[in-house]
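Enquirer: Below is one structure. I have some questions about it.
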Amino acid sequence: MDPVLKIQATAELVAREFADFLLEKSQQNDRLTIALSGGSTPALLFDILSKDYRDRIDWDKLHFYWGDERCVPPDHEESNYKMTLDRFLLHVPVPQGNILRVLGEENPEMESLRYAEEIKENLDPGPIFDIMILGMGTDGHTASIFPHQMELLTANTLCAVAKHPESGQLRITLTGNVINSARNICFLVTGASKSEKVREIMNKQPAADSYPASHI
């Protein structure tokens with residue numbers, strides 16, 4: 001299926017359009033499994049959901065996972081889980097059992113295996129996420145699949161340990177196969193610095209082959 005590109009004038013409008021999409025899906029389904037993303041646009045989305053959609057969505061239906069996580073404790077300022085908790089999950093009535101975080105404080109290799117098993121146990125066979133939220137970095141990476149680790153796109157594991165190319169920070173990420181199996185894959189990409197890469201990806205230009213995001 002060819003991707004559908006939707007352009008909005010501001011990052012807030014991008015987030016609000018996705019919030020409306022999430023509301024619609026929640027009304028159409030009895031259960032939704034959602035892989036969350038970190039980053040500035042999801043942070044804005046989380047603010048909007050917690051303020052304007054708190055009483056409009058049946059949160060019992062939603063089950064939250066993470067597409068990637070930094071290998072830091074859950075109270076660390078760089079933790080995707082902490083950002084999501086502070087801006088979103090503490091402010092909406094999501095059952096605690098519906099929040100399945102990556103244990104970034106644990107041994108990365110062991111945690112990537114444990115999280116993969118948790119996904120297998122709770123998702124439809126495949127396993128298949130209902131909604132995969134992704135961002136894209138200025139280098140074309142998505143989740144924590146960076147250009148220097150393109151092999152993670154085709155790894156035969158559900159999760160893998162990735163390394164940030166500049167800081168060397170370890171991260172746990174979903175791999176390409178499980179990302180691509182999602183029923184709905186939603187990239188939230190904002191900022192002029194990323195517009196050229198989006199253009200190259202959408203036009204299927206040769207340069208895009210080196211961007212992990214173009215393979216999703």
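Enquirer: For segment 86-96, what are the residues that are open to solvent by 40 Å² or more (accessible area, probe 1.4 Å) and aliphatic (A, V, I, L, M)?
Expert: Leu90
Enquirer: Is it true that Glu78 is under 24 Å from Val178 (Cβ atoms) and open to solvent by 70 Å² or more (accessible area, probe 1.4 Å)?
Expert: Spelling it out, Glu78 is indeed under 24 Å from Val178 (Cβ atoms) and open to solvent by 70 Å² or more (accessible area, probe 1.4 Å).
Enquirer: Which is in contact (Cβ under 8 Å) with a residue 24 or more places away in the chain, of a type in the set (Gly, Ala, Ser) and part of a strand (DSSP E or B), of Ala35, Ala116, Ala19?
Expert: Ala35
Enquirer: Among the residues of segment 133-152, which ones are over 12 Å from Gly39 (Cα atoms), among the hydrophobic types (A, V, I, L, M, F, W, C) and open to solvent by less than 10 Å² (accessible area, probe 1.4 Å)?
Expert: Ile145, Phe146
Enquirer: Does Pro73 count as over 24 Å from Ile216 (Cβ atoms), open to solvent by less than 50 Å² (accessible area, probe 1.4 Å) and over 18 Å from the mean Cα position of the chain (by Cα)?
Expert: Spelling it out, it is not the case that Pro73 is over 24 Å from Ile216 (Cβ atoms), open to solvent by less than 50 Å² (accessible area, probe 1.4 Å) and over 18 Å from the mean Cα position of the chain (by Cα).
Enquirer: Related question: Against the conditions (1) within 28 Å of Ser210 (Cβ to Cβ); (2) over 18 Å from the mean Cα position of the chain (by Cα); (3) assigned to a helix (DSSP H, G or I), where does Met110 fall short? Just the number, please.
Expert: All conditions are met except number (1).
Enquirer: Still on this structure, I have one more. With the requirement that a residue be touching a residue at least 12 places away in the same chain (Cβ under 8 Å), part of a helix (DSSP H, G or I) and either among the charged types (D, E, K, R) or in contact with a Phe, Trp or Tyr (Cβ under 9 Å, 6 or more places away or on another chain) (or both), what does segment 168-199 give you?
Expert: Val178, Ile179, Lys194, Lys197, Val198
Enquirer: Moving to a separate point now. Could you check segment 43-70 and list, in sequence order, the residues that are open to solvent by 10 Å² or more (accessible area, probe 1.4 Å) and touching a strand residue (DSSP E or B) at 6+ places or on another chain (Cβ under 8 Å)?
Expert: Scanning segment 43-70 gives Lys61, His63, Asp68, Arg70.
The values are calculated or read from the model by the stated rules, or taken from the named source; none is laboratory data. If you're wondering where the values come from, they're calculated on a predicted model, not measured in any experiment. Glycine also receives a Cβ, built like all others from the backbone with ideal geometry; neighbour counts cover every protein chain displayed. The area values use the complete protein model at the heavy-atom level, side chains included, leaving out ligands, DNA and RNA. Shrake-Rupley method; radii C 1.70, N 1.55, O 1.52, S 1.80 Å.
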